[in-house]
Amino acid sequence: MGEHAFQAEVGRVLSLVINSLYSNKEIFLRELVSNASDALDKLRFRSITEPALLEGEPALVITLRADRERGVLVIEDTGIGMTEAELVDNLGTVARSGSIEFLKQLEQNAHDQKGDEQNQQAEKKGLSLIGQFGVGFYSAYLVADRVEVTSRAAAANQAWRWSSSGKDTFSIEPAERSARGTSIELTLKVDQKHLLDEWTLRDLVRRYSDYIAYPIEFESVKEGKATREVLNQANALWQRPKSEITDEQYEELYRHLTHAPYGFEGPLARTHFRLEGTVEAVGLLWLPKSAPFDLDDPRSQRGMKLFVKRVLVMDDCDALAPQWLRFVRGLVDAEDLPLNVSRELLQESSTLRTIKKQVTKHVVDLLDEIANSQVGDYQTFWGAFGRILKEGLVVDAEWKDRIAKLTRWSSTRGTDLVSLGEYVAAMKEDQNAIYYITGESRPMLEGSPYIEAICARGYEVLLMTDAVDTWAADAIAEFDGKKLVNAMRADVPLPNDNAADNTNEAAKNMGPLIEIASKALEGKVKSITTSTRLLKSPACLVLTAGAMPAHLENALRHAGKQVARGSRQLEVNPAHPVVDKLAALAKANSHDERLGEWVTVLYEQALLAEGSPIDDPIGFAKRLTDLLGQAVGI
Ligand code: ADP
């Protein structure tokens, strides 16, 4: 009871909403209607096990009422309602996980607003950020000076009124309300009085809220009698035949389900399907255009809703799709599940397993279709979600082959991404493997010593820079009969290796140098061999069985894990003049102490080239200074 201060972040959300949406004020209605619909969903769901919540008054309806004299618009629902504590928590704080953090981004964005064109851009960006965040209730202040929320939670005795002019505080007081649910009274701003007009409201409902499955009724008093008129179709949109649903209606439903406000980018693509036979269900799924801020968290799976016979029974139903499709948004409406399913029960349900498989199939089919016919859209998809899809290669053998076809990679060929199919089609006649290399960034990989000989033959090399790629490539293992070969591993096979003959010749002289190097680098490398993969570089470190590439070791260290460097083999290039000269010196005088220092420098620069930290930076600096000294003739 009494006067409460808003949580500081609420004020920030409010001003951001108002700044970003001032040209789309009318979206407040869809936001409030959407909340009302959620409240009705909740009541309907809970009343399955607690019929008393219906209080003998089963009507589930949203009512719009206009009071012209007071300039007040009322949006009322017979949903679950809110207790005093819920009013305080839900309408006085910003509670969603990660949202406070996220607000900083929003604000940064608002601060960046300058100039007219930039202003528009910032508004767009603001919208897209808000789209991930949800505008919700606070959008009421786009059109109202003052908002009063009177609510009685289902089966509670006492009703409460929340009111605020959206400045710093709100107040809570006991109220009278016989009907279950929530009534929101908006005292409209002077320039928003047109919102009291029935035709304006009808138009807004048709435009933004037609997908709502509950009746939205306009109540007016004519000649002393209250009359009600239904403004929407009031049935589940996804149950209608596809041909009767417009793109706009699909999009509004998408926005409702994803809490994205009007003006925020629509989805990239959708698939709407009906399962018949042993399992009956309807699925309506979307691919968003951009990634939510918490996508990388594998626990974030807030996109799929489960309905049973039109009743929403579970938000964020992670049993509907594999984790590697956690970017998919939408719903499944099943006929053959009990209404009171629990998450545990779902894990066991064979019906649900069938549904999950069909959902996966429909999404993968959709991706295939876009990849083949809308290349630009597929690039957008891949940029936002490719790294998540690749997780499927590693964890889901059943779908591996189909996912492999959908992958796109950077390559030495050019700046466009290539598919494995394109790679294979462009392979040289004598080439028999798909070469790739993994690391932190494209420039680092392009200049890397590991691929010198491979590129010199005109073979393309895939440049993989996502953390998951090492595992993803291991999982693919083979595509179209061609093995995937990591150019950083020991024993990279190159067909018809003529270079090997020349280097074999040179390698004969290498014995003494390799012996010296083995002593100098004892404990640092597993072994030292001559190399055929290098052209311009004198040496490189290759991974022996099971060792992780340097960038993954680094990532684990950054994450605070203790990681010892995995086993490496030092390959030296006998055809390189420096190595050749060192070998000759070693042959002439195996006791020359400088040789140990010099091969250590070779090893250290190979560490740098693979992206690893140097074990002994001070020693390295000293060795380099000595070499510089010799170079300038000291
Ligand atoms: P969101 O709907 O995105 O969660 P809102 O700011 O719109 O955010 O609403 C905050 C919360 O207030 C909702 O999650 C819901 O719990 C509650 N709420 C809002 N409107 C209603 C309503 N009409 N009936 C019951 N609860 C509501």
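Between ASN432 and SER178, the contour length at 0.36 nm per residue exceeds the alpha carbon distance by 83.7 nm. With each label modelled as a point 7 angstrom along the Cα→C-beta vector, the ALA456-THR625 pair spans 3.6 nm. Quick one: go through segment 174-203 and flag any residue whose amide nitrogen is under 13 Å from the point 7 Å out along the Cα-to-Cβ line of ASP145. Only 187-193 fall inside the zone, counting backbone N under 13 Å.
Distance from the alpha carbon centroid of segment 153-179 to that of segment 415-440 works out to 64 angstrom. Placing MET1, MET444, MET488 in order of accessible area, with the largest value first and a 1.4 Å probe, yields MET1, MET444, MET488.
Calculated mean residue ellipticity, 222 nm, the chain: -12500 deg cm²/dmol, from DSSP H runs (n ≥ 4) at -39500 (n - 2.57) each, averaged per residue and rounded to 500. Rounded to the nearest 0.05, the FRET efficiency derived from the C-beta distance between VAL375 and ALA588 at R0 = 45 Å is 0.15. Spin-label model, ASP191 to ASP67: label points 7 Å out along the Cα-to-beta-carbon direction sit 2.5 nm apart. Counted over segment 296-413, the DSSP beta bridges are approximately 40% antiparallel. Inter-label distance, ARG207 to THR278: 4.8 nm, where each label sits 7 Å from its Cα along the C-beta direction. So, R0 is 41 Å and r is the distance between the beta-carbons of LYS536 and ASP480; what FRET efficiency does that work out to, to 0.05? That pair, LYS536 with ASP480, gives E of 0.80.
Quick check: residue separation of ALA52 and SER171 times 0.36 nm, minus the Cα distance between them. What number comes out in nm?
39.8 nm
Based on the reciprocal of the average 1/r between different C-alpha atoms, the Kirkwood radius for segment 239-373 equals 15.3 Å. Per residue, the accessible area of the chain comes to 46 Å², computed with a 1.4 Å probe over protein heavy atoms only.
LYS581 contributes about 130 Å² of solvent-accessible surface, heavy atoms of the protein only, 1.4 Å probe.
Distance between Cα centroids, segment 231-261 to segment 6-25: provide it in whole Å. Taking the Cα centre of segment 6-25 as reference, the centre of segment 231-261 is 27 Å away.
Accessible surface of the chain, 1.4 Å probe: 50 percent of it comes from carbon and sulfur atoms. Largest first, the three principal axis extents of the alpha carbons in the chain are 115, 59, 44 Å in whole numbers.
Taking the Cβ of ARG202 as the centre, find all other residues whose Cβ is under 14 Å away and add up their charges (Lys, Arg: +1; Asp, Glu: -1).
Neighbourhood net charge equals -3.
The charge dipole of the chain, taken about its Cα centre with unit charges on the Cβ atoms of Lys, Arg (+1), Asp and Glu (-1) only, comes to about 500 debye. Only one residue of GLY181, ALA85, TYR423 has its Cα farthest out toward the positive end of the dipole of the chain, where Lys and Arg carry +1 and Asp and Glu -1 on Cβ, and that residue is TYR423.
Straight distance only, please: which lysines reach the Cα of LYS356 with their own Cα at less than 19 Å, same-chain residues fewer than 8 apart left out? Candidates past the 8-residue exclusion: LYS305, LYS309, LYS390, LYS400. Between GLU348 and ALA291, residue separation times 0.36 nm minus the direct Cα-Cα distance comes to 17.5 nm. Name the shape class, rounded, prolate or oblate, that the alpha-carbon gyration tensor gives for segment 439-495, where a ≥ b ≥ c are the square roots of its eigenvalues, rounded holds for a/c under 1.5, and otherwise prolate holds if a/b is larger than b/c and oblate otherwise. Judged from the Cα gyration tensor, segment 439-495 comes out oblate (a/c at least 1.5, b/c at or above a/b).
Taking 25 Å as R0, compute the FRET efficiency from the Cβ-Cβ separation of ASP615 and LYS561 and round it to 0.05. Intermediate results must be reported in sequence, preceding the final value.
Working: r = 18 Å, r/R0 = 0.73.
Calculated transfer efficiency: 0.85.
Inter-part distance, segment 571-634 to segment 390-409, computed on C-alpha centroids, equals 43 Å. Straight-line cross-link reach from LYS222 at under 21 Å between alpha-carbon atoms covers these lysines, not counting any fewer than eight positions away in the same chain: LYS193. Taking other residues whose beta carbon is less than 13 angstrom from the beta carbon of ALA5, and scoring Lys, Arg as +1 and Asp, Glu as -1, yields -2.
The values are calculated or read from the model by the stated rules, or taken from the named source; none is laboratory data. All figures in this text were calculated on a predicted structure; none of them were measured in a lab. Cβ coordinates were reconstructed from backbone atoms using ideal geometry, including for glycine residues, and neighbour counts include every protein chain displayed. The accessibility values were calculated without ligands, DNA or RNA, using every heavy atom of the protein model including side chains. Shrake-Rupley method; radii C 1.70, N 1.55, O 1.52, S 1.80 Å.
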